[in-house]
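Colleague: Shown below is the structure under consideration.
The values are calculated or read from the model by the stated rules, or taken from the named source; none is laboratory data. Bear in mind that the values here come from a model prediction, so they are computed numbers and not experimental data. Please note: Cβ atoms are built from the backbone with ideal geometry, for glycine as well, and neighbour counts cover all protein chains shown.
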């Protein structure tokens, strides 16, 4: 019986097993998205969300109901960073509603929906 011990470095094993090269939202970006998500849930506009990542894009999709298709998708595409901006808000039909370099400025698109008339 041969006892061979092989040392595999954690970094190498992690890269082989994980989705190497996938795009994700950074902590600051994700906090900004969840902040506006919380406000929209509290106001009754949004009910559920989903997150996905791929080799070229990360997506945060928001739903009015879980059984429907997303009403908005917030995407991060680093390849577009120098052209039109890495971040975009897409409608349920896939139309780009707003695009920008900074996530904070982009998410102000939803602020107008939160403004309510007080009498």
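Colleague: Consider residue 36 against the criteria (1) farther than 18 Å from residue 113 by Cα; (2) under 15 Å from the mean Cα position of the chain (by Cα): it satisfies all of them except one. Which criterion is unmet?
Modeller: (1)
Colleague: A follow-up question, please. Is there a residue being at pLDDT below 80 and closer than 20 Å to residue 113 by Cα anywhere in region 61-75?
Modeller: The first filter runs over region 61-75 and keeps only residues at pLDDT below 80, leaving 65-68.
Adding the requirement that they be closer than 20 Å to residue 113 by Cα leaves 65.
Yes, that holds for at least one residue.
Colleague: Additional query: Only one residue in 73, 64, 27 is loosely packed, with under 12 Cβ neighbours inside 10 Å and on the phi < 0 side of the Ramachandran plot, so which one is that?
Modeller: The conditions single out 27.
Colleague: Let me ask something additional. Which one of the conditions (1) loosely packed, with under 12 Cβ neighbours inside 10 Å; (2) touching a helix residue (DSSP H, G or I) at 6+ places or on another chain (Cβ under 6 Å) does residue 98 fail to meet, given that it meets all the rest?
Modeller: (1)
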